[in-house]
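The values are calculated or read from the model by the stated rules, or taken from the named source; none is laboratory data. Keep in mind that what you see is a predicted model, and the values were worked out from it rather than measured. Heads up, the Cβs are rebuilt from the backbone with ideal geometry, glycines too, and the neighbour counts pull from every protein chain shown. With ligands, DNA and RNA removed, areas are computed over all heavy atoms of the protein, side chains included. Shrake-Rupley method; radii C 1.70, N 1.55, O 1.52, S 1.80 Å.
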Amino acid sequence: MPGCRGLAPREDEDLVNDQHSGRVAVVTGAGSGIGAATAYRFAADGYRVALVGRTEATLRRTAHEGPEGADMRPWVADVSDPAAISAVMNAVAERFGRLDVLVNNAGVAIPGTVEQIDPEDYRTMMGTNIDGAFFASRAALPHLRAVRGCIVNVGSVGGLRGDWGQAAYDMTKGALVNLTNAMALDHGREIRVNAVHPQRRPPGCDTQQPVPARRTRRGHLAASALRGSRTHGPARGAGRGRRRRGLSHRS
């Protein structure tokens, strides 16, 4: 139609950046892999990004290798430590004046059947994969509620269907599915809560090299959960009795 046209790719990208300018995202497990890719995507979209993890060196590398001009800052903490992760969430909100998005990405995958898994490894996965998401979400909720923000939990297809030799890991990711549903039901009037479920990557495939933000598939999944696409979990308003049947994604 005369006088009507779609946005060109560059104009569309600029519009996204303008819309998200000033917003703040916290990404746990941001030192490498999916966490780093997700952080790059948010930064490319104009978010200020808090990179949370246990190793300062990897977080600084993520910040250094991010998109040009990005505001990405390391925050060292163990997500399984309630006091430590609460301090991080409060410090981020105080530093930037708000908190819009929490991506619960931190996770540990140690193979083994029920008979084979070492009890210490079992506790490590429970502490990071479940306790970490629970405590980080609880600490972030007051800040997210103030801006009607969003929680994105990074699950796994193993939490939906199970895998051979991954009994404890799959159990933790299955629990994360129900935690997502429960939080969406409990807090759906105030914030949005969703999950994405990528395929677990084989050992050695979790590259430490940054992926260009506009070509990052896994990072795009977490960012897209803000718009409810390719995600799992009740939509906003679930607390009023409405649930949307979500989609799991294999990558």
Scope segment 133-160; condition assigned to a loop (DSSP other than H, G, I, E, B) and either over 18 Å from residue 177 (Cβ atoms) or of a type outside the set (A, V, I, L, M, F, W, C) (or both); matching residues
148, 149, 155, 156
Note on segment 85-132: residues closer than 18 Å to residue 163 by Cβ, within 14 Å of the chain's Cα centre (by Cα), assigned to a helix (DSSP H, G or I) and not polar (S, T, N, Q) are 130
Can we say residue 101 is within 30 Å of residue 147 (Cβ to Cβ) and either β-branched (Val, Ile, Thr) or in contact with a Phe, Trp or Tyr (Cβ under 8 Å, 6 or more places away or on another chain) (or both)?
yes
Odd one out for residue 169 among (1) over 22 Å from residue 52 (Cα atoms); (2) among the aromatic types (Phe, Trp, Tyr); (3) buried (at least 16 other Cβ atoms within 10 Å of the Cβ):
(1)
In segment 64-107, residues that are open to solvent by less than 40 Å² (accessible area, probe 1.4 Å), within 22 Å of residue 132 (Cα to Cα) and without any contact (Cβ under 8 Å) to a residue 40 or more places away in the chain total 4
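Results for (1) part of a loop (DSSP other than H, G, I, E, B); (2) of a type in the set (Phe, Trp, Tyr); (3) farther than 28 Å from residue 60 by Cα; (4) modelled with pLDDT of 60 or more, shown as yes or no for each residue.
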| site | (1), (2), (3), (4) |
| --- | --- |
| 170 | no, no, yes, yes |
| 175 | no, no, yes, yes |
| 182 | no, no, yes, yes |
| 185 | no, no, yes, yes |
| 189 | yes, no, yes, yes |
| 204 | yes, no, no, no |
| 207 | yes, no, no, no |
